[in-house]
């Protein structure tokens, strides 16, 4: 007779992890999040492992948590996971002061942020090699232009002969 569980926000092929109260500004955290958006999970882990940013270790931990949630809670295949979303948000701001000259104080704001990582299972189906994909632009446009020029050049001499 307890409270009903909340409806699931994500799809059946998605999993999520949130890391809160990260001691870095959202602006700096977003630089790391941009590097992993849209990447396959194994590639994103490599990028975070070798990143020179201090906060990359915390983001890597959150990504590993999202991968574990996908595997254990939602039975998704780890090899097909892609970072669908890596959103950064503001959290609390600690306000401190720094003593300045003549009895004044300079304000210091210490920002905290949070990151939400959503991983999604995307299966890559192998395409059949029966038909090669058509090339863009060059082959088609070059075939059409000479035909159009020939048609125009054929009309112009006829018009000159009629005028003469």
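Every read-out reported here was derived from the displayed coordinates using simple, explicitly stated rules and does not represent laboratory data. Please read all numbers here as calculations on a predicted model, not as lab measurements. Cβ coordinates were reconstructed from backbone atoms using ideal geometry, including for glycine residues, and neighbour counts include every protein chain displayed.
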(request) Bin all alpha-carbon pair distances of the range 14-121 at 10 Å intervals from 0 and give each bin's fraction as a whole percent. (result) 16, 41, 24, 11, 6, 3, 0
(request) Quick one: check the C-alpha center-to-center distance for the range 66-103 versus the range 1-63, whole angstrom. (result) 5
(message) What does the extension gain come out to for residue 97 and residue 8, with contour length at 0.36 nm per residue minus their alpha carbon separation?
(response) 27.7 nm
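Rank these for me by crowding, 119, 41, going from fewest to most other beta carbons within 10 Å.
Ordered by Cβ neighbours within 10 Å, fewest first: 41, 119.
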(request) Work the Kirkwood hydrodynamic radius out for the range 21-72: mean of 1/r over every pair of different alpha-carbon atoms, inverted, in Å. (result) 11.3
(message) Just want the ordering: 94, 1, from fewest to most Cβ atoms lying within 10 Å of their own Cβ.
(response) 1, 94
(request) First measure r as the distance between the Cβ atoms of residue 108 and residue 37, then evaluate 1/(1 + (r/R0)^6) with R0 = 30 Å and state the FRET efficiency to the nearest 0.05. (result) 0.45
(request) Report the label-to-label distance for residue 122 and residue 53 in nanometres (one decimal), using points 7 Å from each Cα along the Cα→Cβ vector. (result) 2.0
(message) Sequence gap at least 6, Cα distance under 8 Å: using those rules, report the relative contact order of the range 14-121 to the nearest whole percent.
(response) 43
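What list do you get for 95, 53, 60, 110 if you sort them by fewest beta carbons within 10 Å?
Ordered by Cβ neighbours within 10 Å, fewest first: 95, 110, 53, 60.
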